[in-house]
Amino acid sequence: MKHKKLFAIICTLGFITSNMASLTVFATEEEENEERLSGLITSYSLSISSGSKKVYLTAETFANDYMAKIGFTNIVVQHSANGTSGWSDEVPRDNDLAANSYYHSKANEPITVSGGYYYRVVLDHYAKETGWFFPGSQSLSNYSNVVWVS
């Protein structure tokens, strides 16, 4: 009796494994859309340098094609007493978006700060497709390097 049950289990397992090769998994429309949108932004960068009571913001966002909007959102200059933790928002900035472009950049944009802290910039690189029907968008969060401003 044990041998018959064991034989039945082995046969069932053999049937399952032999048919798994023909099993096809189809991606859902939502998964395909997420994969397509995850590639809108092809490269990006963010850095700051310090000056007298200022930080200088340099950032770039590049897309794989012309976008209806591309650039930077949720821009905030933050400060910290030790440069590693306890970050506080000091200077919020307006979104900075270009229209009908495949890139957007800023070079050494001065931002006045109070000084006496370590500083960094936090922002989202953003791209939104052109198109009439449900244009997609992609947003990638980024933190700059840390600088001291006296």
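Taken together, the criteria place I70 among residues that are of a type in the set (V, I, T), modelled with pLDDT of 95 or more, farther than 14 Å from V121 by Cβ and surrounded by 16 or more Cβ atoms within 10 Å (Cβ to Cβ).
Restricting the range 97-118 to residues that are in a strand (DSSP E or B) and closer than 18 Å to W148 by Cβ, the residue that is least open to solvent (accessible area, probe 1.4 Å) is I111. A residue that is without any contact (Cβ under 8 Å) to a residue 12 or more places away in the chain and of a type outside the set (A, V, I, L, M) occurs nowhere in the range 114-127. With respect to being open to solvent by 40 Å² or more (accessible area, probe 1.4 Å), among the small types (G, A, S) and not in a loop (DSSP other than H, G, I, E, B), S47 fits the description.
Residues in the range 50-67 that are farther than 15 Å from S105 by Cβ, open to solvent by less than 70 Å² (accessible area, probe 1.4 Å) and either at pLDDT 95 or above or of a type in the set (D, E, K, R) (or both): 3 in all. For the range 73-91, a residue qualifies if it is among the aliphatic types (A, V, I, L, M) and open to solvent by 50 Å² or more (accessible area, probe 1.4 Å), and exactly one does: A81. Considering only residues in the range 119-144 that are surrounded by fewer than 18 Cβ atoms within 10 Å (Cβ to Cβ), modelled with pLDDT of 95 or more and among the hydroxyl-bearing types (S, T, Y), the one that is farthest from T61 (Cα to Cα) turns out to be Y143. Out of the residues in the range 72-91 meeting the condition of being in a loop (DSSP other than H, G, I, E, B) and hydrophobic (A, V, I, L, M, F, W, C), tell me which one is nearest to the chain's Cα centre (by Cα). Result: W87. Listed conditions (1) under 21 Å from G71 (Cβ atoms); (2) outside any strand (DSSP E or B); (3) open to solvent by less than 40 Å² (accessible area, probe 1.4 Å) are all met by D94, apart from (3).
The values are calculated or read from the model by the stated rules, or taken from the named source; none is laboratory data. In this text, all values refer to a predicted model and were calculated from it rather than measured experimentally. Using ideal geometry, Cβ is built from the backbone for each residue, glycine included, and neighbour counts are taken over all protein chains shown. Each accessible area value is taken on the protein alone, full model and side chains, heavy atoms only, with ligands, DNA and RNA left out. Shrake-Rupley method; radii C 1.70, N 1.55, O 1.52, S 1.80 Å.
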